[in-house]
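See below for the structure under consideration.
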Amino acid sequence: MNVVAFQLDIAWENKAANFEKVRRRLTDARPEKDSLVVLPEMFATGFTMNTGAMAETYGGETEQFLARAAKESGVFLLAGAAMRGRDGKVRNKALVFSPAGELIAFYAKMQPFTLGGEAQHYVAGERPAVFRCGDCVVSPFICYDLRFPEIFRQATAAHRPELFVVIANWPEKRIQHWIRLLQARAIENQAYVVGVNRIGNDPYYTYGGRSLIIDPQGEILADAGSRERSIQAKLDLANVRKYREGLPFLADLRAR
């Protein structure tokens, strides 16, 4: 399975500019068919609290762009967006589109970043989500979720994901936490972890990048550093399954 992470400098609350940037990146990268391509949290707007202007209902311009981009490139495409539900409430979501351009999964961030005011503008999600990317079971999470290992364990206990994807706008001043927490989530869940962060600045934070692809033993397979670029890696799912069979730590998870 091939995974591609796009580390971007997101234009603040400028959807058209960010759509065009992603379009160019997909054209330049030319990911192989059926790859999983991952964009950062709120890739089209930046980490905005301006939900009145920036949040969209399903079927809006961001969803239309992602569906079209996934279909044109023939890839699975995972990206973050501020979404307004039928209940009128806004959630920070990860959306997943198939190579046919269909929305096949979504996840609402379970741990809003209270320090940044997110909990005042976004409703927390209630449970983890999983989807299949070819033969791989994938579970997406968003930024501050990374500090809460219990929700990753919840996904592991129920679904045994072989890949966790964490999309983020993670500040540069805590970038070492980002790296170590991604490695910890990989080791404790015996799974690949792909962390996709942004670079650049918004009106409130500076972002340090360091998007990573990490194997189940916590080893870094690819590191995007601190500039705008893409990274990719082939995930050996057979090896993950063999590793779990040889060291069946997950079988000792206690039911709550």
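What the table below lists for this structure:
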read-out: Residues satisfying the stated conditions in region 1-32, i.e. part of a loop (DSSP other than H, G, I, E, B), of a type in the set (A, V, I, L, M, F, W, C) and open to solvent by 20 Å² or more (accessible area, probe 1.4 Å); value: M1, A11, W12
read-out: Positions within region 33-48 being part of a loop (DSSP other than H, G, I, E, B), open to solvent by less than 40 Å² (accessible area, probe 1.4 Å) and under 24 Å from V193 (Cα atoms), in sequence order; value: S35, L39, P40, E41, M42, F43, A44, G46, F47
read-out: Number of the exception - A79 against (1) touching a residue at least 40 places away in the same chain (Cβ under 8 Å); (2) more than 12 Å from V96 (Cα to Cα); value: (2)
read-out: Residue ID - modelled with the lowest pLDDT, chosen from residues in region 128-159 that are touching a helix residue (DSSP H, G or I) at 6+ places or on another chain (Cβ under 7 Å) and charged (D, E, K, R); value: D135
read-out: Residue match in region 118-125 (condition: in contact (Cβ under 8 Å) with a residue 60 or more places away in the chain, more than 25 Å from V193 (Cα to Cα) and not polar (S, T, N, Q)); value: yes
read-out: Single match in R180, R174 (criterion: out of contact with any helix residue (DSSP H, G or I) (no Cβ under 9 Å at 6 or more places or on another chain) and within 21 Å of N92 (Cβ to Cβ)); value: R174
read-out: Top-ranked residue in region 213-248 [being open to solvent by less than 20 Å² (accessible area, probe 1.4 Å) and in contact with a Leu (Cβ under 6 Å, 6 or more places away or on another chain); ranked as farthest from R174 (Cα to Cα)]; value: A233
read-out: Among residues of region 83-109, those that are closer than 21 Å to A16 by Cβ, small (G, A, S) and open to solvent by less than 10 Å² (accessible area, probe 1.4 Å), counted; value: 0
read-out: Single residue of T51, T62 found to be open to solvent by 10 Å² or more (accessible area, probe 1.4 Å) and more than 24 Å from L237 (Cβ to Cβ); value: T51
read-out: Condition met for K71 (part of a strand (DSSP E or B), open to solvent by 10 Å² or more (accessible area, probe 1.4 Å) and of a type outside the set (S, T, N, Q)); value: no
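The values are calculated or read from the model by the stated rules, or taken from the named source; none is laboratory data. Everything numeric in this text was worked out from a predicted model, so none of it was measured. Every residue, glycine as well, gets a Cβ built from its backbone with ideal geometry; the counts of neighbours run over all protein chains shown. Only protein heavy atoms, including side chains, enter the accessible area calculation; ligands, DNA and RNA are left aside. Shrake-Rupley method; radii C 1.70, N 1.55, O 1.52, S 1.80 Å.
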